[in-house]
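What follows is a set of notes on a single structure, which appears directly below.
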Amino acid sequence: MSKDKRRYRLDYFFSRFVTGFGFFVLATFATLIVHILLNAAPLFQSPTVSFTGSQSFETKMPEKNSSVMSVVSKFNGKWYVIDTQQCQVKVNGLFHESKGLTPIKEFAPNCSRELLSYASANEIMMLRDNNLLEVFSLDTDSNPSLRLDSSFKMSNFASQSIPALWEINKRQSSIFIFMPNGDESAYVWHDIKSLKPPSLFKVNADEKVLPLMPIAHLLVWHSSNANLLPAGKPATQTIEYEANIDQMYASPSGLDAYAILDNQSLVKHTVINQDGQFALRQVFEVPLGLEDTKTVKLKTDLSNNLLILLNEQGQLRLLNAITGDIELSIQVASDVVDFNYENGDIIIQYESRFSQHSLEDIQGVINLDMLFSKNDYSAYPAPAYVWQTSASSEFQTPKFSLVPLIIGSLKASILALIVALPLALGAAIYTAYFAKPSVRSAIKPSIEMLEAIPSVIIGFIAAVWLAPFAEQYLISIFAVLVLLPIVVICIAAIHGYLQSRFIHTRLATWQLPINALLMLLAVVFIFLLSLLITDWSNIGESSTIVQSVSNLTLSKTAIVVSLALGVAIAPTIYTLIDDALYEVPDGVKQASFALGATPIQTLTKVVLVVAFPSIISAIMLGFGRAFGETMIVLMVTGNTPIADWDLLSGLRTLTSNLAIELQEAQVDSTLYHVLFLTAAVLFVFTFCVNTVAAMLKRRVYKDE
Amino acid sequence: MSLKKSWAEYQEHFKQSLVEVLVMLSCAIMLVSLAAMFLFVGGQGVRYFLPMSTYQVSTYNPGSDAIIEYRLSHQSAQKLAASIEQKINIQYGDNAQDKPQFIVSEANHLYLLETRNGKAYVGEFVKLLSDESILLDLSELTNIQTLVQTLEQSLKDIQNEKLQSLHRDIDGLSRRNVDKNTPVFKRKLDEFERWQGYANDINAQIQNHRIYLELASDEQLSIAVSDIQALYQPNQLTWIESIVFMFKKVGTFLSDSPKQGATTGGVFPAIFGTLLMVIIMAVVVTPFGAIAAIYLHEYAPKNRVTSMIRISVSNMAAVPSVVYGVFGLGFFVYGLGGSIDSLLYSDRLPSPTFGAPGLLWASLTMGILTLPVVIVSTEEGLRRVPKNLRAGALALGATKYETIRRVVLPMASPGILTGIILAIARAAGEVAPLILVGAVKFAPSLPIDSEFPFMHLERQFMHLGVFIYDGAFHNQTESQVSSLMFASCMLLLLIVFLLNISAIILRNSLRKKYERL
């Protein structure tokens, strides 16, 4: 009795155990979906500024006189306040909320004149009283140090004026200094490497100058006009704004210029190349909805497509740098002196304290609109679909348009389907309808073997052999394709004759090899003949058609991909169609024959019609497989994300893009989330295709 | 009238032939492409194992001396000459008078020397130098090689037994800040120096056994005997020697690691990595897949949840493989691996241990990818077990568990096996997810070695498919791709095919078995 009890208990436990595993499958699938969707989700949130993690540093600000400036910079994840005052450079850290400013180091380079200045991040400029201008850079490792970068004599420097703005571009080794002065302002544009003294250019007192360093141009602006010009030369372009310019800013790349008009609206211009000359093109103008107070600063975050703007009232605006949409507008404490932004962290400087905030969900700046429609990127002549994420320098904006990738995927898979469908359908009709069962049982496993070939091998062969081959023997391949219909008709005639004579002999079993051999011979013959002809005569150089054909570059284009991908997916489609055709009940066929229909009529009017939903389902599944195939497209195409349908251009698909870029994407970066979104797109697409295909197939069973 | 009818008949007849020929040809194209792929990969891959012949190519530039080159080639002299001619024609084009003349001749006296690190030199044999005496006879080489081997063995012994422990002692002493002048320290240092001196002597002795070859540029090349992998005259191999050579080459291919930028050597690390990944994957996926299939076929009630499970399985089979890679990277590597790191290896952070792509995560990812394969195959096996057997067992009083355990599973086991084989074949050929979760083109060390804990599942590993992908991705034309790549292709193709064929045979035998019941 107790033994039976144990047996029943075991039985019960086993059924629970097995059920658990059944649900495990469901859980795995759910985890797969949820994980991918969760990682794509941050793109759909809008950015927020978190105040919870914000820190406020109460400090007593150092006494300031007119020539003292301080800058807040972030190095190695920490904020530093760099004060330059009376020939002294003081580096203070903002580490602990309670302690306020922590002195780190002081530098006192030799100088006797109180004229010091700072540059944006970690460069310090100093003007000695002997008119020697020195540029230092501040290394803030564990032990901060000041290093002299360059120095040059400013022989004709206006000694009274104090630099208001200066910028240095190390790649072009040029330096720009703007000095406003009572009646006449001036600016310096100087090549650091040249031995000549820096040249000084004068502008009117009411004019201000903004350098666009990378293109070696300047924007000279006053009231509502801005002139674009190379240093010291006449203006090449004048921009008329609709209102008074309060302030102008350039992005670190120097390719965008932002103007704030009447403290009310923001206008973005971008640099384009117009017939060999730089020109500015307006991208957007947005109303900011601010009170009429002075704007403190505009900061750009190119790697996140973000603009941050703050006015003295403490009104903060986050804008999408490409579309100009206001992503977030909030109010912080008023009487703002200055602020700085570094990679998601904002530090705001007030009279006697700093407050630090962090920006959450920056990825939300990238919205669906930016992913799927044309965007007006800087330095592009017109809005375009661009996928370019390799932001090698911080001055480049990553461009996340999924359209080139989707077009690439669709292009490759549709072309592959065009190649695969006739092959698969023809082969399936042959094995399921015409061929004898013995022939079918020999052919079907062979074609299924083709399905088992790893795609990396098909890709390998296509990359190292097919692409160069197609490139080299283009004319011959063209000739074969043109003459193929004639060959097929000839073989059909021979086949018809042979069949009428030998239908009852053993020869009938060898129809396929005979025809295949005939075609192979014909193709090889045409191929060699065309080779000989192009070799002997100079057709290749005289005939325009042949010439235009041979000028095509096939390697790494959509055509080669479609061939390789077509061969890879054809067996999948074949197997499904073959099963579908074979499942058509014999009775239906017999009835058709009994009514006097020919085999062809039975095929087209009965068998194909009955199996039609299954054929469509097979085609959809094949399309899904081509859409999700990675290795072949990765190896055969040049992986260029181009948004056009040209058959002779390269492409990059969603799948190969994942294989290329995901490894390098930083966790939780915008790129990481965008890539997960593309994975979700792939997932959803195959899910839909699979579901529709399954529904179509089920319809057939219901009909029966 | 009759003529018209026969014309219509003829038309109909021709139409049918045309359709038949068209469908036949599309079938033929697929079969031919299958065969072509096999022949191409096989033909190119086999070349890697064949001995090459040495040729002397003398080029006469107009107005200057002849330049002599030694070439290694699989081709015959005529074909080699033709390919050189073609290259020259492309290079010089119409510039006929500057075109150099050249003669290709078989150079039977030349030796091919393959070094241990995969380099190959062709040249004339000059002399064999042993210690201080010059031995001109090559037949002495084997003797010298045995001598060098014993020397190398004793060098290794000294290094392993003496130097290593002494080094450890000295390291310990200096870490404890023991003064260098203390007698213990001094003695250890002296001893270390003495043994180091012995080792240097032996090493010098090994290096003194050298072989000299004269290269085509009249340069004399001297190579230590210890560096020689093989030395032979390729043109004078008898056919038995050629076969032995081929077997040896197959041996190196299967047991050596790739050398010289993956142009020579073997693919052992890739085979080993693939094998280990597949084994771990199979161990994980088999119980899950098989038991889930038992649930679906034997236990699952016909309700909405079950159909949801079925939809999950069919969709998991259709999800693009790269999506599994994305999931594996996000969920296993960064998610699970990251939390393991912060829990157990927090002292090593920020450099990740399990939070980076590696063997374990790759195996788990492939396990999820192949789960539907195992489930579908097992269910197929279960479906083939006749219903009345189950009914019989239950009628005899067996519980459901006992029925499944004693009756159903033994009969369905070939189905499970088929599933595992297909899963392995799939995992062996899959590349896209693996490049995301841990397979690399070159891994410095195997995932299993003598270092504790012997099995390093967090390490990156080499995979045959990834190896091929990388080879093709970085050399874009046929001539640049080394024949090692083709040989690896051939191996992968062979593995996948054998696995698939065995799965088909197993399945067919299963079907036949139950047709009788």
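The values are calculated or read from the model by the stated rules, or taken from the named source; none is laboratory data. This is a predicted model, so every value here is computed, not measured. Positions of Cβ are backbone-derived with ideal geometry, glycine not excepted, and every protein chain shown enters the neighbour counts. For the accessible areas, the whole protein counts, side chains as well, though only heavy atoms, and no ligand, DNA or RNA atoms are used. Shrake-Rupley method; radii C 1.70, N 1.55, O 1.52, S 1.80 Å.
Yes or no: the range A:424-447 includes at least one residue that is more than 20 Å from residue A:624 (Cβ to Cβ) and touching a strand residue (DSSP E or B) at 6+ places or on another chain (Cβ under 6 Å).
No, every residue in the range A:424-447 fails to be more than 20 Å from residue A:624 (Cβ to Cβ) and touching a strand residue (DSSP E or B) at 6+ places or on another chain (Cβ under 6 Å).
Any residue in the range A:647-658 that's part of a loop (DSSP other than H, G, I, E, B): show its pairings with residues that are charged (D, E, K, R) at Cβ separation under 7 Å, as long as the two are six or more apart or on different chains.
As it stands, the answer is A:650/A:556; A:651/A:411, since those pairs meet every condition given.
For the range B:202-209, indicate whether the set of residues that are open to solvent by less than 30 Å² (accessible area, probe 1.4 Å) and in contact with a strand residue (DSSP E or B) (Cβ under 6 Å, 6 or more places away or on another chain) is non-empty. First the steps, then the outcome.
Step one: of the range B:202-209, the residues open to solvent by less than 30 Å² (accessible area, probe 1.4 Å) are B:202, B:206, B:209.
Pick out the ones that are also in contact with a strand residue (DSSP E or B) (Cβ under 6 Å, 6 or more places away or on another chain) and you get B:209.
Taking every residue of the range B:202-209 in turn, at least one turns out to be open to solvent by less than 30 Å² (accessible area, probe 1.4 Å) and in contact with a strand residue (DSSP E or B) (Cβ under 6 Å, 6 or more places away or on another chain).
Can you tell me which of (1) more than 14 Å from residue A:266 (Cα to Cα); (2) touching a Lys or Arg at 6+ places or on another chain (Cβ under 7 Å); (3) open to solvent by 10 Å² or more (accessible area, probe 1.4 Å) is the one residue A:339 doesn't meet?
Checking residue A:339 against (1) more than 14 Å from residue A:266 (Cα to Cα); (2) touching a Lys or Arg at 6+ places or on another chain (Cβ under 7 Å); (3) open to solvent by 10 Å² or more (accessible area, probe 1.4 Å), the one that fails is (3).
Out of the range A:211-228, which residues are assigned to a strand (DSSP E or B) and over 30 Å from the mean Cα position of the chain (by Cα)?
Let us first name the residues in the range A:211-228 that are assigned to a strand (DSSP E or B), namely A:211-212, A:217-222, A:225-228.
Those that are assigned to a strand (DSSP E or B) and over 30 Å from the mean Cα position of the chain (by Cα): A:218, A:219, A:220, A:221, A:222, A:225, A:226, A:227, A:228.
Considering only the range A:414-429, I want to know if a residue exists there that is more than 11 Å from chain B (Cβ to nearest Cβ) and either closer than 22 Å to residue B:38 by Cα or touching an Asp or Glu at 6+ places or on another chain (Cβ under 9 Å) (or both). Show your work before the answer.
The initial filter retains those residues of the range A:414-429 that are more than 11 Å from chain B (Cβ to nearest Cβ), namely A:414-418.
Filter once more, so that each one left must be either closer than 22 Å to residue B:38 by Cα or touching an Asp or Glu at 6+ places or on another chain (Cβ under 9 Å) (or both): A:416.
Taking every residue of the range A:414-429 in turn, at least one turns out to be more than 11 Å from chain B (Cβ to nearest Cβ) and either closer than 22 Å to residue B:38 by Cα or touching an Asp or Glu at 6+ places or on another chain (Cβ under 9 Å) (or both).
How many residues, within the range B:1-53, are of a type in the set (A, V, I, L, M) and either within 7 Å of chain A (Cβ to nearest Cβ) or touching a Cys at 6+ places or on another chain (Cβ under 8 Å) (or both)? Steps first, answer last, please.
Restricting attention to the range B:1-53, the residues satisfying the condition of being of a type in the set (A, V, I, L, M) are B:1, B:3, B:8, B:18-19, B:21-25, B:28-32, B:34-37, B:39, B:41, B:46, B:50, B:52.
Restricting the remaining residues to those that are either within 7 Å of chain A (Cβ to nearest Cβ) or touching a Cys at 6+ places or on another chain (Cβ under 8 Å) (or both) gives B:18-19, B:21-25, B:28-32, B:34, B:37, B:41.
Of the residues in that region, 15 qualify.
What number goes with the only condition from (1) surrounded by 14 or more Cβ atoms within 10 Å (Cβ to Cβ); (2) at pLDDT below 80; (3) of a type in the set (D, E, K, R) that residue B:20 does not pass?
(2)
Regarding residue B:499, is this residue at pLDDT 90 or above, aliphatic (A, V, I, L, M) and in a helix (DSSP H, G or I)?
Numbers: at pLDDT 90 or above: yes; aliphatic (A, V, I, L, M): yes; in a helix (DSSP H, G or I): yes.
So residue B:499 fits the description; yes.
Within the range B:432-440, is there a residue that is within 11 Å of chain A (Cβ to nearest Cβ), modelled with pLDDT of 90 or more and either under 17 Å from residue B:267 (Cα atoms) or open to solvent by 30 Å² or more (accessible area, probe 1.4 Å) (or both)?
No: the range B:432-440 contains no residue that is within 11 Å of chain A (Cβ to nearest Cβ), modelled with pLDDT of 90 or more and either under 17 Å from residue B:267 (Cα atoms) or open to solvent by 30 Å² or more (accessible area, probe 1.4 Å) (or both).
Of the residues that sit in the range B:338-352 and are outside any helix (DSSP H, G or I) and charged (D, E, K, R), which one is nearest to the other protein chains (Cβ to nearest Cβ)?
The initial filter retains those residues of the range B:338-352 that are outside any helix (DSSP H, G or I), namely B:345-352.
Of the ones still in play, those that are also charged (D, E, K, R) are B:347-348.
Details: B:347: 21, B:348: 18 Å.
Going through the qualifying residues, I end up with B:348.
Tell me which residues, restricted to the range A:432-442, are more than 7 Å from chain B (Cβ to nearest Cβ) and touching an Asp or Glu at 6+ places or on another chain (Cβ under 9 Å). Let's see the steps before the verdict.
So in the range A:432-442, the residues more than 7 Å from chain B (Cβ to nearest Cβ) come out as A:432-433, A:435-442.
Listed by number, the residues that qualify are A:432, A:440.
Determine which single condition residue B:135 fails, assuming it passes every other condition in (1) under 39 Å from the mean Cα position of the chain (by Cα); (2) surrounded by 17 or more Cβ atoms within 10 Å (Cβ to Cβ); (3) at pLDDT below 80.
Checking residue B:135 against (1) under 39 Å from the mean Cα position of the chain (by Cα); (2) surrounded by 17 or more Cβ atoms within 10 Å (Cβ to Cβ); (3) at pLDDT below 80, the one that fails is (1).
If you go through the range B:383-405 one residue at a time, how many are within 12 Å of chain A (Cβ to nearest Cβ) and within 48 Å of the chain's Cα centre (by Cα)?
Filtering the range B:383-405 for residues within 12 Å of chain A (Cβ to nearest Cβ) gives B:394, B:397-405.
Those still in the list that are within 48 Å of the chain's Cα centre (by Cα) too: B:400-405.
Count: 6.
Looking for something modelled with pLDDT under 80, farther than 30 Å from residue A:515 by Cβ and within 13 Å of chain A (Cβ to nearest Cβ) - is there at least one such residue anywhere in the range B:67-89?
Yes: one or more hits.
Just name the residue that is most open to solvent (accessible area, probe 1.4 Å) out of those in the range A:588-636 that are within 14 Å of another protein chain (Cβ to nearest Cβ) and outside any helix (DSSP H, G or I).
Applying the filter and picking the extreme gives A:596.
Counting only residues that are touching an Asp or Glu at 6+ places or on another chain (Cβ under 8 Å) and free of Cβ contacts under 8 Å to residues at least 24 places away in the same chain, which one in the range B:372-411 is surrounded by the fewest Cβ atoms within 10 Å (Cβ to Cβ)? Steps first, please.
Keep residues of the range B:372-411 that are touching an Asp or Glu at 6+ places or on another chain (Cβ under 8 Å), which gives B:382, B:393, B:399-402, B:404, B:408.
Cutting the leftovers down to free of Cβ contacts under 8 Å to residues at least 24 places away in the same chain gives us B:393, B:399, B:401-402.
Working: B:393: 19, B:399: 19, B:401: 20, B:402: 17.
Going through the qualifying residues, I end up with B:402.
Out of the range B:147-169, which residues are open to solvent by 60 Å² or more (accessible area, probe 1.4 Å), at pLDDT below 85 and more than 16 Å from residue B:192 (Cβ to Cβ)?
The answer is B:147, and nothing else.
Identify, from the list B:360, B:422, B:417, B:369, the residue that is assigned to a helix (DSSP H, G or I), closer than 23 Å to residue B:271 by Cβ and open to solvent by 50 Å² or more (accessible area, probe 1.4 Å).
Numbers: B:360 fails: open to solvent by 50 Å² or more (accessible area, probe 1.4 Å); B:422 fails: open to solvent by 50 Å² or more (accessible area, probe 1.4 Å); B:369 fails: open to solvent by 50 Å² or more (accessible area, probe 1.4 Å).
Result: B:417 is the single residue among B:360, B:422, B:417, B:369 that is assigned to a helix (DSSP H, G or I), closer than 23 Å to residue B:271 by Cβ and open to solvent by 50 Å² or more (accessible area, probe 1.4 Å).
Checking residue B:200 against (1) assigned to a helix (DSSP H, G or I); (2) touching a residue at least 12 places away in the same chain (Cβ under 8 Å), only one condition comes out false. Which one?
With (1) assigned to a helix (DSSP H, G or I); (2) touching a residue at least 12 places away in the same chain (Cβ under 8 Å) applied to residue B:200, the lone miss is (2).
Only one residue in B:355, B:330 is crowded, with 20+ Cβ neighbours inside 10 Å, without any contact (Cβ under 8 Å) to a residue 60 or more places away in the chain and not in a helix (DSSP H, G or I). Which one?
Details: B:330 fails: not in a helix (DSSP H, G or I).
On inspection, the qualifying residue turns out to be B:355.
Residues of the range A:657-690 being facing chain B (nearest Cβ under 8 Å) and either acidic (Asp, Glu) or closer than 28 Å to residue A:577 by Cβ (or both), which ones?
First pass over the range A:657-690, keeping only residues facing chain B (nearest Cβ under 8 Å): A:658-659, A:662-663, A:667, A:675-676, A:679, A:682-683, A:686-687, A:689-690.
Passing the criteria: A:682, A:683, A:686, A:687, A:689, A:690.
Looking at (1) open to solvent by less than 30 Å² (accessible area, probe 1.4 Å); (2) within 10 Å of another protein chain (Cβ to nearest Cβ), which is the only condition residue A:445 fails?
All conditions are met except number (1).
Would you say residue B:457 is at pLDDT 80 or above and open to solvent by 30 Å² or more (accessible area, probe 1.4 Å)?
Yes; evaluated as a whole, the condition is true for this residue.
Mind listing whichever residues of the range B:312-337 are more than 8 Å from chain A (Cβ to nearest Cβ) and among the β-branched types (Val, Ile, Thr)?
Correct list: B:333 only.
Determine the pairs where a residue that is within 21 Å of residue A:629 (Cβ to Cβ) and open to solvent by less than 40 Å² (accessible area, probe 1.4 Å), located within the range A:668-696, has a partner that is hydroxyl-bearing (Ser, Thr, Tyr) and assigned to a helix (DSSP H, G or I) with Cβ atoms under 7 Å apart, the partner being 6 or more residues away or on another chain.
A:682/A:655; A:690/B:314; A:693/A:617
With part of a strand (DSSP E or B) and polar (S, T, N, Q) as the only criterion, which of A:194, A:185 stands out? Walk me through it before giving the result.
Values: A:194 fails: part of a strand (DSSP E or B).
Unique residue meeting the criteria: A:185.
For the range A:261-314, give me the residue count where each residue is closer than 16 Å to residue A:347 by Cα and open to solvent by 20 Å² or more (accessible area, probe 1.4 Å).
6
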